[in-house]
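First the structure, in the form of structure tokens, and then the observations on it.
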């Protein structure tokens, strides 16, 4: 990250990183599967033949209690029959129209799909069966301006098993906390373009990770869904929600001095990202290894939107993207939908002390680790972007390596940028696979010279050839030795030159001439 900010120089005035959009899911785990649902019905004394009538009465109680909250506050209760209508924009327009700064905003109703239950007759065995089905039911969207986190909403289905969704925004939360502390800032949409005390703002974003999430989420749900604890109880005790994080967006906002400064460099960053970042590199950003065990897809997608150009790299439902926002903000954002691709050092629910590296869960117990992994992804992406040549011309960048150099009394020839063997060597050592653990003689040998022959003498000869080539790159400062090992890492200078030369090989000559 530091190398990226150094490359941008005085164009940048600050950096903030933290959660943007968070979408939580609350599940009553006993009711989320047919076996648990049947066990609950048995304990409640509800026969399957009475399930329909019982569940309809329960739906009526839940709906009446939720609607009463908005009715008591005198807020609008609107039904939407058009799925193209943006609920967030409609709720925001109502908030601005009525100048609401705290409390309920409105309730929006819509019919949407949900996994629920149906009773079917098993004619062979002559009994009734409870089966899960994808069905349509009425959903209630409660929009609130919360004193702590600002504008947010809760999505409440009116049918069993009552799995709810809750969405908040970390930047909205940040702004409300800055207002409490009297810290000045300039906000545009969901971005802060200026902050008077940048470190204090970053401290607020860091403090969000220490939130008592179960208590906070239960408080919010009890306010919008007051029938929750009274409607479903087992032996007199309410069924608690198990909270998971369905989607998280971790954003690093690079604040530029002005719009002109961002416009000057952003096209170059996009071009570098779309032409120079390989699939291996993208997988490395998101914590995956490129090997035979991987059976997914790596996608890079470039889109022009109303607010700017967005470059997105995706691996198995997780993504890292870059886009320009509000004129002077460069946002790098990692979005996680499928955290099981990542690892966390933890125990199990039954034995918390039996710790080892395990797949990350969606449960909020792993939220802190989720933030760490997302921040690491953003840092790797910015590190890769730092190789973009923002100032120097091609000639100025590669000229130093086009001259012979002397190292430890030994003369080494110049690098020949347009010579195929030298280009192949630079491409091999700059491969994204070596970003973390570096490369060895054998790694480069198999790329440049192909599979090793069976003859030991010939293998030794090839190894010597690669040793001399690596010594040449070392002498020019393009690679460096990993201490106490036989492995190498490409330097910042080496990655910059390799990326630049590869770009000249991929960009059509017509575009280069037009740019000239």
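The values are calculated or read from the model by the stated rules, or taken from the named source; none is laboratory data. The shown structure was predicted, so the numbers you read here are calculated from the model rather than taken from an experiment. Here the Cβ is made from the backbone with ideal geometry for all residues, glycine too, and neighbour counts use every protein chain on show.
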Residue within region 406-415 that is at pLDDT 90 or above, farther than 15 Å from residue 499 by Cβ and within 37 Å of the chain's Cα centre (by Cα) present:
no
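So that you can scan it fast, the table gives a plain yes or no per residue for (1) within 24 Å of residue 137 (Cα to Cα); (2) outside any helix (DSSP H, G or I); (3) in contact with a helix residue (DSSP H, G or I) (Cβ under 8 Å, 6 or more places away or on another chain); (4) modelled with pLDDT under 95:
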{"site": "173", "(1), (2), (3), (4)": "no, no, yes, no"}
{"site": "183", "(1), (2), (3), (4)": "no, yes, yes, no"}
{"site": "202", "(1), (2), (3), (4)": "no, no, no, no"}
{"site": "221", "(1), (2), (3), (4)": "yes, no, yes, yes"}
{"site": "248", "(1), (2), (3), (4)": "no, yes, yes, no"}
{"site": "253", "(1), (2), (3), (4)": "no, yes, no, no"}
{"site": "262", "(1), (2), (3), (4)": "no, no, yes, yes"}
{"site": "266", "(1), (2), (3), (4)": "no, no, no, yes"}
Test set (1) closer than 30 Å to residue 463 by Cβ; (2) out of contact with any helix residue (DSSP H, G or I) (no Cβ under 6 Å at 6 or more places or on another chain); (3) modelled with pLDDT of 90 or more - residue 428 fails condition number:
(2)
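Quick one: in region 262-277, of everything that is within 19 Å of the chain's Cα centre (by Cα) and buried (at least 16 other Cβ atoms within 10 Å of the Cβ), which residue is farthest from residue 338 (Cα to Cα)?
Filtering region 262-277 for residues within 19 Å of the chain's Cα centre (by Cα) gives 270, 273-274, 277.
Going one step further and asking which of them are buried (at least 16 other Cβ atoms within 10 Å of the Cβ), we end up with 270, 273, 277.
Numbers: 270: 26, 273: 23, 277: 22 Å.
Taking the candidates together, the pick is 270.
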So for region 133-142 (the condition being without any contact (Cβ under 8 Å) to a residue 24 or more places away in the chain and either surrounded by 12 or more Cβ atoms within 10 Å (Cβ to Cβ) or in contact with a strand residue (DSSP E or B) (Cβ under 7 Å, 6 or more places away or on another chain) (or both)), does at least one residue qualify?
yes
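For region 119-128, check the following and say yes or no: at least one residue is out of contact with any helix residue (DSSP H, G or I) (no Cβ under 7 Å at 6 or more places or on another chain), in the same structural domain as residue 220 (by TED's automatic domain parsing) and surrounded by 14 or more Cβ atoms within 10 Å (Cβ to Cβ). Break it down stepwise before answering.
The first filter runs over region 119-128 and keeps only residues out of contact with any helix residue (DSSP H, G or I) (no Cβ under 7 Å at 6 or more places or on another chain), leaving 120-127.
Now narrow it down to the ones that are in the same structural domain as residue 220 (by TED's automatic domain parsing): 120-127.
Remaining after also requiring surrounded by 14 or more Cβ atoms within 10 Å (Cβ to Cβ): none.
No.
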Residues (farther than 15 Å from residue 246 by Cβ and out of contact with any helix residue (DSSP H, G or I) (no Cβ under 7 Å at 6 or more places or on another chain)) located in region 366-383
368, 369, 371, 372, 373, 375, 376, 378, 379
If you go through region 127-143 one residue at a time, do you hit one that is within 22 Å of the chain's Cα centre (by Cα), under 23 Å from residue 99 (Cα atoms), modelled with pLDDT of 95 or more and assigned to a strand (DSSP E or B)?
no
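What do you reckon, is residue 403 out of contact with any helix residue (DSSP H, G or I) (no Cβ under 7 Å at 6 or more places or on another chain) and either assigned by TED's automatic domain parsing to the domain that holds residue 497 or at pLDDT 90 or above (or both)? Outline the logic, then answer.
Working: out of contact with any helix residue (DSSP H, G or I) (no Cβ under 7 Å at 6 or more places or on another chain): yes; either assigned by TED's automatic domain parsing to the domain that holds residue 497 or at pLDDT 90 or above (or both): yes.
Here the answer is yes, as residue 403 does meet what is asked.
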Please specify each residue of region 314-343 satisfying the condition of being over 17 Å from residue 257 (Cα atoms) and either assigned to a helix (DSSP H, G or I) or out of contact with any strand residue (DSSP E or B) (no Cβ under 7 Å at 6 or more places or on another chain) (or both).
316, 317, 339, 340, 341, 342
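How many residues does region 478-508 hold that are without any contact (Cβ under 8 Å) to a residue 40 or more places away in the chain, closer than 30 Å to residue 269 by Cβ and not in a strand (DSSP E or B)?
Residues that pass the stated criteria total 3.
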Tell me which residues, restricted to region 188-224, are exposed (fewer than 13 other Cβ atoms within 10 Å of the Cβ), under 21 Å from residue 152 (Cα atoms) and over 24 Å from the mean Cα position of the chain (by Cα).
215, 219, 222
Which one of the conditions (1) touching a strand residue (DSSP E or B) at 6+ places or on another chain (Cβ under 8 Å); (2) modelled with pLDDT of 95 or more; (3) surrounded by fewer than 16 Cβ atoms within 10 Å (Cβ to Cβ) does residue 5 fail to meet, given that it meets all the rest?
(2)
Quick one: count up the residues across region 231-243 that are more than 32 Å from the chain's Cα centre (by Cα) and either assigned to a loop (DSSP other than H, G, I, E, B) or without any contact (Cβ under 8 Å) to a residue 60 or more places away in the chain (or both).
6
Would you confirm whether or not region 449-459 contains a residue that is surrounded by 11 or more Cβ atoms within 10 Å (Cβ to Cβ), in contact (Cβ under 8 Å) with a residue 24 or more places away in the chain and assigned by TED's automatic domain parsing to the domain that holds residue 409?
no
